[in-house]
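Structure first, commentary second.
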Amino acid sequence: MRIVTFFLLFLGLFSCGGPTNRPVDVFVWDQLRAHEDPERVEPVGTCEVDEFLAEMARFPWHEQAREALKIKKNSPTLSVTDLKTDRSLFISSAVDDSDRLGYFVGYVYPGEEGMRARRYVSLYEVEQMEAIREMVLLFFRRDEAALKRLLGEQPKYMDARDHVGWEKYLKIKQKFM
């Protein structure tokens, strides 16, 4: 009996150290306005596809992109994260000096096991909001092959590795477990 008690105590002490990454079948969304600090962004809450599409329609893309250009701060962004697959899709807007609105769509996905970067980010330039809506639908359906195919039709802006955001992501995920 003492051995069992010791084993359970030992297991409890060493399994509580850091946040775990258990799948949670929920989508959460957040928004970043031009004047906000990206380090302080927290999820607004859970959502379904129709709710996220409605938020996209309501979001003041052009106004926020103009403000971001004026104050030289962040691009306004809406993002949705699938806590089941650890993937995110985000939409950012920007204007050029001629006040022409454009969008960037980022796809965040897990890196390979054992690699230093826990997640990768692919960023694409997308001109039409209708194409972005289709990407959102595919993301919520968890149809990664079709989503990657549609993203691949867009001009790629850049690829990056997310070295530091994983721990923050796991802490946010804990709130929805």
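Read-outs throughout are calculated quantities, based only on the coordinates presented, and are distinct from any laboratory measurement. Everything quoted here is computed from the prediction, not taken from an experiment. As a convention, Cβ positions derive from the backbone with ideal geometry for all residues, glycine included, and neighbour counts pool all protein chains shown.
HN-Hα J couplings of the stretch 32-46 from phi, Karplus 6.51/-1.76/1.60, θ = phi - 60°, integer Hz, Gly and Pro as x?
Ordered by residue, 3J(HN,Hα) equals 10, 8, 4, 8, 8, 7, x, 6, 9, 5, 10, x, 6, x, 7 Hz.
Taking 0.36 nm per intervening residue step and subtracting the Cα-Cα distance, what contour gain separates Thr85 from Glu51 on full extension?
This chain segment gains 10.3 nm when fully extended.
Against the 2.2 N^0.38 Å scaling, with N counting residues, where does the stretch 24-174 land? I'd like the Cα-based Rg ratio to two decimal places.
Working it through for the stretch 24-174, the quotient is 1.01.
Once you have the Cα-Cα distance between Asp37 and Ala146, take 0.36 nm times their residue separation minus that, and quote the gain in nm to one decimal.
Values: separation 109, 0.36 × 109 = 39.24 nm, distance 3.32 nm.
The Asp37-Ala146 span can extend by a further 35.9 nm.
Please find the FRET efficiency linking Tyr120 to Leu69, where r is the Cβ-Cβ separation and R0 is fixed at 25 Å, and quote it to the nearest 0.05.
Efficiency for this residue pair is about 0.35.
Suppose every K and R has +1 on its Cβ and every D and E has -1 on its Cβ; what is the size of the dipole of the stretch 24-174 about the Cα centre, in Debye to the nearest 20? Walk me through the intermediate numbers first.
Details: 23 positive and 29 negative charges, 81 e Å.
Computed charge dipole of the stretch 24-174: roughly 380 debye.
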